[in-house]
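The values are calculated or read from the model by the stated rules, or taken from the named source; none is laboratory data. Please read these numbers as outputs of a predicted model, since none were measured by experiment. As a convention, Cβ positions derive from the backbone with ideal geometry for all residues, glycine included, and neighbour counts pool all protein chains shown.
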Amino acid sequence: MQQEVVLAMLAKEPSHGYQLRARLNDALGPLGDEINAGQIYVTLGRLEKAGFVAAETSESTSERSDRKVYALTAAGEERIAEWVQEVNWPRPDLAEFHLKLVTAAAARLADPVSIVGAQRRELLRRLRTVQRAALEEPAHSAAGLLLEGIVLRLQADLRWLETCEREWTERGDQ
Amino acid sequence: MTTVATTTLSARGLRKYYGKDTGLVRAVDGVDLDIEPGETVAIMGPSGCGKSTVLHLLSGLDRPTDGEVWLEGRRVDEMSERQLARLRREKVGVVFQAFHLVDELTARENVELPALLAGRSPRFARRRATELLDRVGLADRADHVPSALSGGERQRVAIARAIANDPVVVFADEPTGNLDSSATLEVLRLFEDLHASKLTIVVVTHDERIAATADRLISMRDGVFVDETRLSGGSSGRLGALFSVGLEA
């Protein structure tokens, strides 16, 4: 998963690291069990160094990282706006895409349904391209087999996107 | 908006309601559509969104509650039963999910039917059927009845029948809905082939692969079109770049 995920979790409001962890666990359910607090602080440190995040120590003078409140800088906000619009198949980290929708909805960065729509349109165009190539391959061609694999993966992703679209549309209607 | 005189198929304010009062169902609730000659358009959406009803209204199989359907500049929704029957025989071809072949007739006889019904000679119908079965790759299965054919073969016969009278538009309702993946591939190949021959096609489907043969994809929900995507053009060309096939530097 990209570190932008952690960055996007801050888009809603400046937060403590442990709050980010809670939000991640909330969005990922049992799939979040591999993410520990240490990783989140390491990522936050990197993001701070890169200028995407600014940390402020709250109330006490303690330098402990769990006292810090992290907030997006202007550069961080810019990076997140880009990240939300990016389509990065074929290395689609499903969890990352899911978190893109969750964070975009929470911080009202973008309409999750339109993010899903953009991804879906791009995948359909790719499906069209690769399917045409697959149908042009002679029977039993080795390349044809690879193309068929790409077609089936695209198809599976498109079905999931359909479910995402339905679910986020219903949430939006509520 | 494009004028209905120049499009192959158009709809304006198309509506179809069933029942009344509290039981009123707005199956299609205000659809506008323009389809250019040679275009393939796919309509996708969840079950019950009204996509099959739209197909029935466009192909003259059913009449709208309100709105207009135009085929090659002629108003379809106001036609008499007799004119409609003629339109369905000569101007449109329909492919169904469940094939709808005549079980007692051979593949060849099924494909001969449209020409015979249009008043062509048996000899012409026979020649045309042979030609079409060859085109769909079933020349050697011509004398089999549908029950002796696989699902994919049956659907290919149905497609041959649908294009027998050189229709203006071919309508397909879930053409791969009853097929396994290898039969789906057979039908896909045929759709790409029809598309390449510049036939105008409207297909309603759940199957992303069939949808991906289209130039334009329309998403439907609750009786209305909610999204339209042009699939032709856009990202094409270098497949390796598109799917990140390359060696690590």
If we ask which residues in the range B:62-116 are hydroxyl-bearing (S, T, Y) and within 17 Å of the chain's Cα centre (by Cα), their number turns out to be 0
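Matching residues to (1) assigned to a helix (DSSP H, G or I); (2) of a type outside the set (G, A, S); (3) touching a Gly at 6+ places or on another chain (Cβ under 9 Å); (4) within 11 Å of chain B (Cβ to nearest Cβ):
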site: A:G117; (1), (2), (3), (4): yes, no, no, yes
site: A:A134; (1), (2), (3), (4): yes, no, yes, yes
site: A:L147; (1), (2), (3), (4): yes, yes, no, yes
site: A:V151; (1), (2), (3), (4): yes, yes, no, yes
site: A:R171; (1), (2), (3), (4): yes, yes, no, no
Would you call A:R108 over 16 Å from A:C164 (Cα atoms) and in a loop (DSSP other than H, G, I, E, B)?
-> yes
Can you name the residue in the range B:47-61 that is touching a strand residue (DSSP E or B) at 6+ places or on another chain (Cβ under 7 Å) and either among the polar types (S, T, N, Q) or exposed (fewer than 15 other Cβ atoms within 10 Å of the Cβ) (or both) and, of all such residues, is farthest from A:C164 (Cα to Cα)?
-> B:S59
Among B:I218, B:I210, B:I201, which is within 14 Å of chain A (Cβ to nearest Cβ) and either outside any helix (DSSP H, G or I) or acidic (D, E) (or both)?
-> B:I218
Where A:S141 falls short, out of the listed (1) in contact (Cβ under 8 Å) with a residue 12 or more places away in the chain; (2) away from chain B (no Cβ under 13 Å) | (1)
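Which members of the range B:117-130 meet the condition of being within 21 Å of the chain's Cα centre (by Cα) and modelled with pLDDT of 95 or more?
Result: B:R128, B:A129.
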By residue number, the members of the range B:125-143 that are surrounded by 14 or more Cβ atoms within 10 Å (Cβ to Cβ) and either assigned to a helix (DSSP H, G or I) or out of contact with any Lys or Arg (no Cβ under 9 Å at 6 or more places or on another chain) (or both) are B:A125, B:R126, B:R127, B:R128, B:A129, B:T130, B:L132, B:L133, B:R135, B:A139, B:R141
In the set B:E131, B:E72, B:E109, B:E78, the lone residue that is in contact (Cβ under 8 Å) with a residue 24 or more places away in the chain and among the acidic types (D, E) is B:E72
Across the range A:5-36, what is the total count of residues that are modelled with pLDDT of 90 or more and among the acidic types (D, E)?
-> 1
Could you check, for the range B:168-182, whether at least one of its residues is modelled with pLDDT under 95, within 14 Å of chain A (Cβ to nearest Cβ) and surrounded by 22 or more Cβ atoms within 10 Å (Cβ to Cβ)?
-> yes
Does B:V204 satisfy the criteria of being over 30 Å from B:T6 (Cβ atoms) and in contact with a Leu (Cβ under 7 Å, 6 or more places away or on another chain)?
-> no
May I ask you to list pairs of residues, at least six apart or on different chains, whose Cβ atoms are under 7 Å apart, with the first in the range B:53-64 being free of Cβ contacts under 8 Å to residues at least 40 places away in the same chain and the second being in a helix (DSSP H, G or I)?
-> B:G60/B:L84; B:G60/B:L87; B:G60/B:R88
Going through the range B:64-74 in order, the residues found to be at pLDDT below 95 and surrounded by fewer than 16 Cβ atoms within 10 Å (Cβ to Cβ) are B:G73, B:R74
Breaking point among (1) part of a helix (DSSP H, G or I); (2) over 21 Å from B:V226 (Cα atoms), for A:N88 = (1)
